[in-house]
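Take a look at the structure below.
The values are calculated or read from the model by the stated rules, or taken from the named source; none is laboratory data. Owing to the predicted nature of the structure, the values given are computational and were not obtained by experimental measurement. All Cβ positions, glycine included, derive from the backbone under ideal geometry; neighbour counts span all protein chains shown. Accessible surface areas use protein heavy atoms only, side chains included; no ligands, DNA or RNA. Shrake-Rupley method; radii C 1.70, N 1.55, O 1.52, S 1.80 Å.
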Amino acid sequence: YAAVAHAILWLEAAAQSFGPAITLVAGFVALALFGVPQALPGWLHLVVLAAVAGALAWLVRDGMRRFAAPTEAASLRRLERDSGLQHRPFATLGDQPAADAGSAERSLWRIHLARRYADIRRLRLAPPDAGLAQRDPTAIRIGVLLALILGFVVAGPRTGRSIMAALEPEFGSSNAVPPVDAWIKPPAYTGLSPILLKLGTDT
């Protein structure tokens, strides 16, 4: 249980410190899956990448400054709190009666230890709670998460290519032909059917 409590505290501390950076990366990936950065002019695409990189570096640096690794004592306190234990039973187990304690005092001490061991047998842990609702009252993280999931669905097998394209601005004219179709309807007296023109073909 102590190891699980320690892992939960790590997750909560990481989410509190690096949550904004993760949200920024997720938001950019979502935009990439929808092809938004790729549709920008090369110079503007580069400006967006630089802005995102600068913001990410600042957020990561701020997160590292605020991150504090949980201690073993904090893990035990979390376990005691979630289990509703009072009188710090884990600390009690490490204590010893006074050297000059008599038999009556030692008997009371053994009874006290037995009660603390009984308390420890009903340990439980609450789910992780990084307090994100208080830090993000407008629920931006939820909107980014939904956009990211929808982006993966829309991109499908193009996911990897879309993300890579979002990281590589293109400058100059593109050789790609836009997928645009045009219809030509001949005059009625010609008796000809409408003609479909596909750019990039010989039609």
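Quick one: how many residues across segment 1-21 are hydrophobic (A, V, I, L, M, F, W, C), open to solvent by less than 60 Å² (accessible area, probe 1.4 Å) and under 30 Å from Ala166 (Cβ atoms)? Spell out the reasoning first.
Of all residues in segment 1-21, those hydrophobic (A, V, I, L, M, F, W, C) come to 2-5, 7-11, 13-15, 18, 21.
Next, from what is left, pick out any that are open to solvent by less than 60 Å² (accessible area, probe 1.4 Å): 2, 5, 7-9, 13-15, 18, 21.
Okay, now just the ones that are also under 30 Å from Ala166 (Cβ atoms), so 14-15, 18, 21.
Of the residues in that region, 4 qualify.
Being outside any loop (DSSP other than H, G, I, E, B), open to solvent by 40 Å² or more (accessible area, probe 1.4 Å) and among the aromatic types (Phe, Trp, Tyr) is the filter here; which residues of segment 22-49 pass it?
Here is the first cut: in segment 22-49, the residues outside any loop (DSSP other than H, G, I, E, B) are 22-33, 37-39, 42-49.
Imposing the further condition that a residue be open to solvent by 40 Å² or more (accessible area, probe 1.4 Å) reduces the set to 22-25, 31, 38-39, 43-44, 46-48.
Selection gives Trp43 alone.
Could we say that Pro179 is at pLDDT below 65 and open to solvent by 80 Å² or more (accessible area, probe 1.4 Å) here? Spell out how you get there, then give the answer.
Values: at pLDDT below 65: yes; open to solvent by 80 Å² or more (accessible area, probe 1.4 Å): yes.
The answer is yes for Pro179.
Looking only at segment 133-171, how many residues end up being open to solvent by less than 60 Å² (accessible area, probe 1.4 Å) and farther than 17 Å from Ile22 by Cβ?
8
Say whether the condition of being open to solvent by 90 Å² or more (accessible area, probe 1.4 Å), at pLDDT below 85 and outside any helix (DSSP H, G or I) is met by at least one residue in segment 67-81.
Looking only at segment 67-81, we keep the residues that are open to solvent by 90 Å² or more (accessible area, probe 1.4 Å), and these are 72, 77, 81.
Those left that are additionally at pLDDT below 85: 72, 77, 81.
Next, only the ones that are outside any helix (DSSP H, G or I) stay: none.
Among the residues of segment 67-81, not one is open to solvent by 90 Å² or more (accessible area, probe 1.4 Å), at pLDDT below 85 and outside any helix (DSSP H, G or I), which makes the answer no.
Do we find that Val52 is within 17 Å of Gly19 (Cα to Cα), surrounded by 16 or more Cβ atoms within 10 Å (Cβ to Cβ) and modelled with pLDDT of 65 or more in this structure? I'd like the intermediate steps shown before the answer.
Details: within 17 Å of Gly19 (Cα to Cα): yes; surrounded by 16 or more Cβ atoms within 10 Å (Cβ to Cβ): yes; modelled with pLDDT of 65 or more: yes.
Yes: the conditions hold for Val52.
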